[in-house]
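*Asks:* Submitted below is the structure of interest, expressed as structure tokens.
Where a number appears in this text, it was derived from the coordinates with a stated rule and is not lab data. Just so it is clear, the structure is predicted and the values come from calculations on it, not from any experiment. For neighbour counting, all protein chains shown are included, and Cβ atoms are generated from backbone atoms with ideal geometry for every residue, glycine included.
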Amino acid sequence: MFLQADGLTIRLPNRIIGVQPPNHRPANPPMSNDTLQVRRIAIDTYHENVAYLNRECGIYRVEGFQALSKIQVSANGAKVLAVLNVVDDASIVQPGELGLSEQAFEQLNVAEGCLVTVNHAEPPKSMDAVRRKINGERLSQDDFSSITSDIAESRYSKMEMAAFLVATGQNNLDHDELLYLTRAMLQSGDRMDWHEALVADKHCIGGIPGNRTSMLVVPIVAAHGMLIPKTSSRAITSPAGTADTMEVLTEVNLSPDQLHAIVRQERGCLAWGGTARLAPVDDMLISVERPLGIDSQGQLVASILSKKLAAGSTHLIIDIPVGPTAKVRQMRQALTLRKLFEFVGDRLNIHLEVMITDGRQPIGRGIGPVLEARDVMQVLQNDPEAPADLRQKSLQLAGRVIEFDPDVRGGQGYAIARDILESGRACAKMNEIIQAQGAKQIDLHPGKLCHEVFAGCDGFVTHIDNFQMAKIARLAGAPMMKRAGVDLLKKLGNPVKKGDSLYRIYAEFPADFKFALDIASQDNGYVIGSDEHIVKSLVAF
């Protein structure tokens, strides 16, 4: 039996509903005075090790443990650090047992029922550096290395990680500190080596709903013959990340061995980077950034470059969209961010180019995994109904990546990318990648609940709020509910009449549907006015 609550999946013991499980545990498991039997508690605690002790446990009383304190669990020479939760229900964990969340149990890597010892965990010494940073001091490379090492070893609670993120947020890192942090995050995990001189990649800093250019750039570049192993993240604050959308079509949770085999065969992939242990500290920090909704420039640069370097990239295109409701809202911010990327990239030996692009509105029509996957496949199939802005931007980015090829002269990349797309070679390559990763039965129909939002007056679409459209799609259930989201019917500059449909909201569940409709009724994210008020286009660099 499973219970879902607040994003957690909990396996409830059969005994709760009166059924005797076949491997029923004895009422009082045998134990010594200082050991406990480990039990796997089927709770996904998302990048945080959590342990569970019964309040009546003798060790709990003798050692003076407190809820949310850090403990060290040891068995057979292995150990993990975990945050302690105290329970009063013996059906969850008995007094002679220690429960471990899914992640903690996998890290300890022992059989269920094995005897473990539990001790107080030593506080992370690097918290002194975090406190110094909170007080405005400048940190050294050793400080950042110590912090990331402690985070990687689960010595930090999520509260302590939040303190670190806040201390280094906004503009509290100078250029050298940003370099130190990126290098420390890179060194926290494994690195891939493709044994090739040119390993290409591209990355968008985010903030633009529907911007699924990676799913078009990868097959175009791979069809050209260049190596482009694209490891992507899941959504942080958006209605879908590349991995969430690609997951509609194929498997994205690939082991490092699978990843290598697929890339060697197809010259590219589109996979989730979380299974490869590439810069794992970044994943742990993102697990805190997501609920806090924070994404500072320094952390952004360190996160992107540490992941790309760990993935073995040698040549990288960074897409920075700029617009009134984008993550970067002013050109001077974009130029500052470009300088940060170039500063760190130069010192970590990655060839890096930055494109500043138009971020005035969502790219494509769909916002949400299924709707975005539909847009991508329409472009690949040269469908006349394919969104022109998604096609055009993807060709521009793919062209710039192709120009990394020493056999391609500058300015030729776009034409080569367009030929690959129009000839069907990009679509064929995408299908080969989908098959290699593990194709799914594809159904691109959106959620069964649908609501249309209408224009309240005549005029032109003069503004679309990226943030509001993303919020509506998330409240509708995206990205967890793949079929949820928003389908745009009008874009910037389009003429509208009163009563015309601006977009449709799709959801799978009534509660999500109601949340999305409520927020859309307060602010539908569109401004209708005269054409002279349309925000002027930005020039890509």
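*Asks:* As an exercise, use a Förster radius of 45 Å and the Cβ-Cβ distance of S530 and R191 to find the FRET efficiency, rounded to the nearest 0.05.
*Replies:* Calculated value: 0.25.
*Asks:* What is the packing order of peptides 190-200, 456-466, taking the mean over residues of other C-beta atoms within 10 Å and listing the highest first?
*Replies:* Per-residue Cβ counts within 10 Å, averaged per peptide and sorted highest first, yield 456-466, 190-200.
*Asks:* Using the alpha-carbon centroid of each, what span in Å lies between segment 480-537 and segment 243-304?
*Replies:* Going from one Cα centre to the other spans 30 Å.
*Asks:* Relative contact order for the chain: what is it in percent, counting Cα pairs under 8 Å that are at least 6 residues apart?
*Replies:* It rounds to 13 percent for the chain.
*Asks:* Please give the contour-minus-distance gain from D257 to F467: 0.36 nm per residue of separation, less the Cα-Cα distance, rounded to one decimal in nm.
*Replies:* Length difference between fully extended and current span is 71.8 nm.
*Asks:* Roughly what % of DSSP beta bridges within the chain run antiparallel, to the nearest 5?
*Replies:* Bridges in the chain are about 55 percent antiparallel.
*Asks:* Amide H to amide H, which residues 5 or more places from L449 or on other chains are under 5 Å from it, using H placed in the peptide plane?
*Replies:* Residues meeting the criterion, in which the H sits 1.01 Å from N, are A507.
*Asks:* For C450, what is the net charge nearby, where nearby means another residue's Cβ is under 12 Å from its Cβ and Lys, Arg count +1, Asp, Glu -1?
*Replies:* Overall, the nearby charge balance is 0.
*Asks:* What angle, in degrees between 0 and 90 and rounded to the nearest 10, separates the Cα long axis of helix 388-402 from the longest principal axis of the Cα atoms of the chain?
*Replies:* Between the helix axis and the principal axis of the chain, the angle is about 80 degrees.
*Asks:* On to the next question. Using mean Cβ contacts within 10 Å as the protection proxy, how do 527-535, 276-284 order, highest first?
*Replies:* 276-284, 527-535
*Asks:* Could you list which residues have their amide H under 5 Å from that of G268, counting only those 5 or more apart in sequence or on another chain, with H placed in the peptide plane?
*Replies:* Correct list: I228.
*Asks:* Quote the Stokes-Einstein diffusion coefficient, in whole µm² s⁻¹, for segment 449-533, based on the Kirkwood radius over alpha carbon pairs, a temperature of 20 °C and a viscosity of 1.002 mPa s.
*Replies:* For the chosen part, D equals 167 µm²/s.
*Asks:* Mind listing the phi-derived Karplus ³J(HN,Hα) values for segment 456-470, rounded to whole Hz, using 6.51, -1.76 and 1.60 with θ = phi - 60°, and x for any glycine or proline?
*Replies:* Those phi angles translate into x, 7, 7, x, 10, 6, 9, 7, 10, 7, 4, 5, 5, 5, 5 Hz.
*Asks:* With labels modelled as points extended 7 Å from the Cα through the Cβ direction, what inter-label distance (nm, one decimal) is found for I294 paired with M480?
*Replies:* 2.4 nm
*Asks:* Let me ask something else about it. Would segment 341-419 count as rounded, prolate or oblate if I go by the C-alpha gyration tensor, calling it rounded below 1.5 in a/c and otherwise prolate when a/b exceeds b/c, oblate otherwise?
*Replies:* oblate
*Asks:* Now for a separate question. With the cut-off at 1.5 for a/c, could you classify the chain from its C-alpha gyration tensor as rounded, prolate or oblate?
*Replies:* prolate
*Asks:* Explain nothing, just compute: Karplus ³J(HN,Hα) = 6.51 cos²θ - 1.76 cosθ + 1.60, θ = phi - 60°, for every residue of segment 335-341 in order, whole Hz, x for Gly and Pro.
*Replies:* 5, 5, 5, 4, 5, 5, 4
*Asks:* Which order do the peptides 467-480, 378-391 come out in when sorted by mean C-beta neighbours inside 10 angstrom, highest first?
*Replies:* Result, highest mean first: 467-480, 378-391.
*Asks:* Further question on the same structure: In whole Hz and in residue order, list the ³J(HN,Hα) couplings for segment 524-530 that follow from phi through the Karplus curve 6.51 cos²θ - 1.76 cosθ + 1.60, θ = phi - 60°; x for Gly and Pro.
*Replies:* Residue by residue, segment 524-530 yields 7, x, 10, 10, 10, x, 7 Hz.
*Asks:* List every residue whose amide H lies under 5 Å from the amide H of R365, counting only residues 5 or more places away in sequence or on a different chain, with H placed 1.01 Å from N in the peptide plane.
*Replies:* The list, which skips near neighbours in sequence, is empty: none.
*Asks:* A further question follows. Would you mind counting up the charge near L309? Only other residues with Cβ under 12 Å from its Cβ, with Lys and Arg at +1 and Asp and Glu at -1.
*Replies:* Residues close to L309 contribute a combined charge of +1.
*Asks:* Want the number for V408 to S521: 0.36 nm per residue separation, take away the alpha-carbon distance, what's left?
*Replies:* Stretched fully, the V408-S521 segment lengthens by 35.6 nm.
*Asks:* Given axes a ≥ b ≥ c from the Cα gyration tensor, I'd like to know whether segment 193-293 is rounded (a/c under 1.5), prolate (a/b larger than b/c) or oblate.
*Replies:* prolate
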